[in-house]
Amino acid sequence: MRNPSRILYISHTSPVPAKIGPSRRHYHILDQLARFYDIRLLSLGMPSQEEMFRKAFGNRAPSFHYAAVQHGKNFRFLHKAWRTLTGRCDFLPVLEPDLRRLVAEVTSAQRLDAIMLSIPLLFGLPLPRGVPIVGDTHNVESDVLKRTSVLAETFLRRQYARRQARYTFREERRCSHGVDLLLANSDRDRQVFENEFGVRNIAVIPNGVDVTEFSPPKSAGDAGTILFTGLMSYYPNQQAMRWFLDEVFPLILKKVPEAKLIVAGARPPAWLLNERSDVVEVTDAVPDMRPYFERARVVIAPLMIGGGTRVKILEAQAMARPVVSTTLGAEGIDGRDGHTILLADDPASFAMQVGRLLTELDFAAEIGANGRKHVACFYDWNRIGERLEATLREKIGLVSREIAVAV
């Protein structure tokens, strides 16, 4: 009998709580790794998150360490500005001294069969030689910055994004070539890594959803209710909401006067909080997004900037909620326009599709049911986990529990 492979997962943000942002992917990737391998964790985060991780993973992760973020918000802002002015990538987690210290200590103290990074830019940490390195990706960071440099509202943000797109591309390409295996989030991201970065050691492991946790409710939602979910400190989400509130929502209200918008996500900016009214509800962080999906008649993804696969769409579809998205927002999700999802890229078309779902309830139910079937077939995390295990076995020779017992 052999032992299953031992994997150290290093994350630039805590996998728990797994409610919003990249933490959702980190949590489920780690959860699936724990099905097949002996896992360890190193993560940036707070003591409260470390305790949450202990409760969530228990003895499935016999060793885990959390590194404290040493620098405050103001320091990080100034450091990002300084690195941009001096022509360097401003991804700061790789510079955190406590994380660097823990990486050196943990990797020198135990045998490891592989190390997985939550983002390729962590390749700048003091990693050991001779251990296969797998770089996971939430999106192509430099590609998101490139899109931001075109669509950002302010001149300073466009200039910052334009410079950082160039510096981040250089560092992201170096790190992607340094890892032994790169995991892309979507076919579109894979093509960017292959065509623009020249990476060849790559496989696609998409985002997914727990289809048992996110299951269809009995009701069709509250009349006229539109929902957007997302980490609201993330600029692409802010830009999407500005566009929707300024260009689309007024058109919807003309057709459906009882329409109401809910924006549910952590750390909303001040301008968004000022938009609150009888027809616009803005939350901060919520412990569970499912009650908001239950209230929604329609879920929207009006994104103009981004990459990877939008988990917000998968969660909505798993709960049989019809989704209206821009074409870019639905990138990475192999759905059919008019069957599992509705796509629109200009204000009039977006408003028309949302209004149609709010008023034609049978059509909305059909789109929602088709989306649920599609997600259950192709984006269930358990199926994705099996795909991940097969990829790690074929590409870098890792041994899962089943194979170890059989041997």
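The values are calculated or read from the model by the stated rules, or taken from the named source; none is laboratory data. All values derive from a computational prediction rather than experimental measurement. We place every Cβ from the backbone using ideal geometry, glycine too, and count neighbours over all the protein chains shown. Keep in mind that these areas ignore ligands, DNA and RNA; they rest on the heavy atoms of the full protein, side chains included. Shrake-Rupley method; radii C 1.70, N 1.55, O 1.52, S 1.80 Å.
For Leu33, all conditions in the list (1) part of a loop (DSSP other than H, G, I, E, B); (2) buried (at least 18 other Cβ atoms within 10 Å of the Cβ) hold save one; what is the number of the exception?
(1)
Here is a check on your reading of the model: is Asp334 surrounded by fewer than 16 Cβ atoms within 10 Å (Cβ to Cβ), of a type in the set (D, E, K, R) and within 16 Å of Pro217 (Cβ to Cβ)?
Criteria not met by Asp334.
Take region 159-177 and flag every residue that is farther than 17 Å from Thr86 by Cβ and either hydroxyl-bearing (Ser, Thr, Tyr) or loosely packed, with under 15 Cβ neighbours inside 10 Å (or both).
Once the filter is applied, which keeps residues that are farther than 17 Å from Thr86 by Cβ and either hydroxyl-bearing (Ser, Thr, Tyr) or loosely packed, with under 15 Cβ neighbours inside 10 Å (or both), region 159-177 yields only Ser176.
For region 328-346, what are the residues that are closer than 18 Å to Met241 by Cβ and out of contact with any Pro (no Cβ under 9 Å at 6 or more places or on another chain)?
Listed by number, the residues that qualify are Leu328, Ala330, Asp345, Asp346.
Applying the selection to region 198-236, what residues are part of a loop (DSSP other than H, G, I, E, B), β-branched (Val, Ile, Thr) and in contact (Cβ under 8 Å) with a residue 40 or more places away in the chain?
Hits for region 198-236 are Ile205, Val211.
Could you list, in sequence order, the residues of region 36-49 that are surrounded by 20 or more Cβ atoms within 10 Å (Cβ to Cβ) and part of a loop (DSSP other than H, G, I, E, B)?
The answer is Tyr37, Gly45.
Yes or no: region 314-326 includes at least one residue that is open to solvent by 10 Å² or more (accessible area, probe 1.4 Å) and part of a strand (DSSP E or B).
Within region 314-326, none of the residues are open to solvent by 10 Å² or more (accessible area, probe 1.4 Å) and part of a strand (DSSP E or B).
Evaluate region 6-24: report whether one residue or more is at positive phi and open to solvent by less than 40 Å² (accessible area, probe 1.4 Å).
yes
Residue by residue, here is whether (1) under 30 Å from Arg393 (Cα atoms); (2) in contact with a Phe, Trp or Tyr (Cβ under 6 Å, 6 or more places away or on another chain); (3) of a type in the set (Asp, Glu) holds:
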{"residue": "Phe155", "(1), (2), (3)": "no, no, no"}
{"residue": "Gln164", "(1), (2), (3)": "no, no, no"}
{"residue": "Asp187", "(1), (2), (3)": "yes, no, yes"}
{"residue": "Phe193", "(1), (2), (3)": "yes, no, no"}
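Any idea which of (1) touching a helix residue (DSSP H, G or I) at 6+ places or on another chain (Cβ under 6 Å); (2) at pLDDT below 95; (3) in a helix (DSSP H, G or I); (4) not hydroxyl-bearing (Ser, Thr, Tyr) is the one Phe350 doesn't satisfy?
Looking at each condition in turn, Phe350 falls short on (2).
Can you find a residue that is open to solvent by 50 Å² or more (accessible area, probe 1.4 Å) and more than 29 Å from Gln353 (Cβ to Cβ) anywhere in region 211-228?
yes
Given the criterion open to solvent by less than 40 Å² (accessible area, probe 1.4 Å), farther than 13 Å from Val209 by Cβ and not in a helix (DSSP H, G or I), identify the matching residue among Ile305, Ile367.
Ile305
Using the structure shown, decide if Arg111 is touching a residue at least 24 places away in the same chain (Cβ under 8 Å), surrounded by fewer than 13 Cβ atoms within 10 Å (Cβ to Cβ) and of a type in the set (Lys, Arg).
When the stated conditions are applied, Arg111 passes them.
Report, by residue number, each residue of region 125-146 that is open to solvent by 40 Å² or more (accessible area, probe 1.4 Å), closer than 28 Å to Gly332 by Cβ and either hydroxyl-bearing (Ser, Thr, Tyr) or more than 17 Å from the chain's Cα centre (by Cα) (or both).
Selection gives Lys146 alone.
Conditions (1) farther than 17 Å from Val256 by Cα; (2) touching a residue at least 60 places away in the same chain (Cβ under 8 Å); (3) in contact with a Cys (Cβ under 8 Å, 6 or more places away or on another chain); (4) among the small types (Gly, Ala, Ser), marked per residue:
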| residue | (1), (2), (3), (4) |
| --- | --- |
| Tyr292 | yes, yes, no, no |
| Ala296 | no, yes, no, yes |
| Ile300 | no, yes, no, no |
| Arg356 | no, no, no, no |
| Ile367 | yes, no, no, no |
| Arg383 | yes, yes, no, no |
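For the condition in contact with a Cys (Cβ under 9 Å, 6 or more places away or on another chain), of a type in the set (A, V, I, L, M, F, W, C) and either open to solvent by 20 Å² or more (accessible area, probe 1.4 Å) or not in a loop (DSSP other than H, G, I, E, B) (or both), what is the one hit in Leu78, Leu99, Leu122?
Leu122
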